[in-house]
Every structure is written in C-alpha cells, then in structure tokens.
Amino acid sequence: MTIHLLSPIDLGEERWRAQRKGSMRLGTKVLGLGCAGLAVALLPTLGQAQSDPAALTAVAVHINRTPKQSWPGYGIYLGNGLILTAAHVAGDVAQTKPHVVIAGQDLPATLVKQGSLEGVDLTLLSIDGTKLPVGLQMRRTPLCDHPPIAGQGVVVAIPEGTAPSKVLPRQAIPADLRGRFDTAIADVATTGNSGSGVFDAGRLCLMGIMSRKISVSSIPFKVGAPVRTIDIAKYFVPAAQIKAFIPDNVSF
C-alpha cells in the first residue's frame, strides 16, 4: 500500500451546477511533489445565519489570483473585512495579488499573514469591509472552542452550497500520517475542496479550513495492471491552529 497526501486543486463550477441537485460533488486535480509515495494535489439575516446551515454560503467566498487561475479557490469571511483560506490557494500573495469574490463583488485583498503548505496551511487576507452589504458588515464567523470529536456532524460550505459530513476517528487515518493530519472528514467526493469551511453542524462555528485529501493507493500484483487509488478522507486545519495562527492584534 502506498499513502498519498493530496491537496485538492478545484476544477470549474460546471460540475457543481450539473450535480448540485443530487450532491455536492467537485472535481480535483493533483500536483506531484516529486517524492516516491507522497503527493500534494492539493444575504441572510444575522439571526438566520446562526441557525440555518444553508446561510453559511454567505460567508463562503472565492479566492482569485491575478491572473485568474482556471480553478476556483475558496475561503471563509470571518468578519471585519478578514478572509481566511488555505495558504496554497492564495499562493505567494506578493506574486498572485489575490481578489476576493463575495456578495457579488470582486474586491482586491491585502495580506495580513501568510502560512505555507508544509507549515500551517492558512493565509489571512483583508478586504475593504465597508464595501460589503450591511448584513455582512455585521456578520461574524465564530471559531469553535472545542476539539473535533469522532462521529461529529459537520457542514462544509462553499459559495455554491453546503454538504454534510462527519469527523473521522484518528484510527481511520493511516498510521504514518497520524499526529499531523488527525482532523479529517469523510465524504471525500461530495464536500468542498481547498479553502472551504468546515463548520460544526450544530453550533455552526468554524471548525476548520479544508487543506488536503488523503488517498491510499494499492499496487497490483499483476504486472502492468493499473494502480488503484482510493480516497479515504479530507484533512482540515482545525480551529485551535487557526486561533494560534491569527495575530494577537487582529480581531473580528
């Protein structure tokens, strides 16, 4: 068995729109790291938002690089003009000069703090919050203050919709990946990809930001037979790491 760490690079939204009635199904593209066995593919009212999982789409955003990439990047609006996404979605902000698409507006973003794929896969951006609708200006996305629990229900949100899933037990993660990639969900094919938000299904607090896909590849006994790859989980950067990542002088 060969273990692959995959960081989804999202494809276009056409697949979403074509399959939205049945499930939240998105395509992925894989980027290789070049090392054996390892790859990194890589507005509702405030009251309604606190009780309706579908309202989470209002705080889910698109992240577009300059020039615009062929795949949609995702992020979550925290409030006070702050946008959180996966570091590999925004890339090197000085070079990619990302824009945030939110509430029908395309707004330039400035860097607050940049992480890295091999470190903490998070980047915090800022937009001019005064340009947002009043409902979003008032909106805040709370971070969960409790660690994920195996079997716990979650909702994954992107601008086009939401999808349910659940937290996997630590034992479901391959042994050599445990310790770093313990926070993961099931339902790989039907949930959002890199930068999308993982929310507690009950409290609707932000539990994490989607970062990677974990797949297992089996090497066939027959020579020339294709290698079979099975997606088993999606790893998300948990709220505890998000809290530690956000600078002390930044509030939302």
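The values are calculated or read from the model by the stated rules, or taken from the named source; none is laboratory data. These numbers were taken from a predicted model, which means no experiment stands behind them. Cβ atoms come from the backbone with ideal geometry, glycine included; neighbour counts cover every protein chain shown. All accessible areas refer to the heavy atoms of the entire protein, side chains included, with ligands and DNA or RNA removed. Shrake-Rupley method; radii C 1.70, N 1.55, O 1.52, S 1.80 Å.
Observations
- Scope region 59-104; condition under 16 Å from L206 (Cβ atoms) and either assigned to a loop (DSSP other than H, G, I, E, B) or open to solvent by 20 Å² or more (accessible area, probe 1.4 Å) (or both); matching residues: V59, N80, A86
- Any hit, region 52-65, residues being at pLDDT 95 or above and within 28 Å of V216 (Cα to Cα): no
- Any strands (runs of 3 or more DSSP E) falling wholly within region 140-222 and containing at least 3 residues that are open to solvent by 10 Å² or more (accessible area, probe 1.4 Å) and within 17 Å of D52 (Cα to Cα): 161-166
- Per-region count, region 105-135, residues assigned to a helix (DSSP H, G or I) and either open to solvent by 50 Å² or more (accessible area, probe 1.4 Å) or within 15 Å of G75 (Cα to Cα) (or both): 3
- Considered as a group, the residues in region 168-198 that are farther than 24 Å from I83 by Cα and among the small types (G, A, S) include one that is farthest from the chain's Cα centre (by Cα), and that residue is A175.
- The criterion of being modelled with pLDDT of 90 or more and open to solvent by 10 Å² or more (accessible area, probe 1.4 Å) does not hold for T28.
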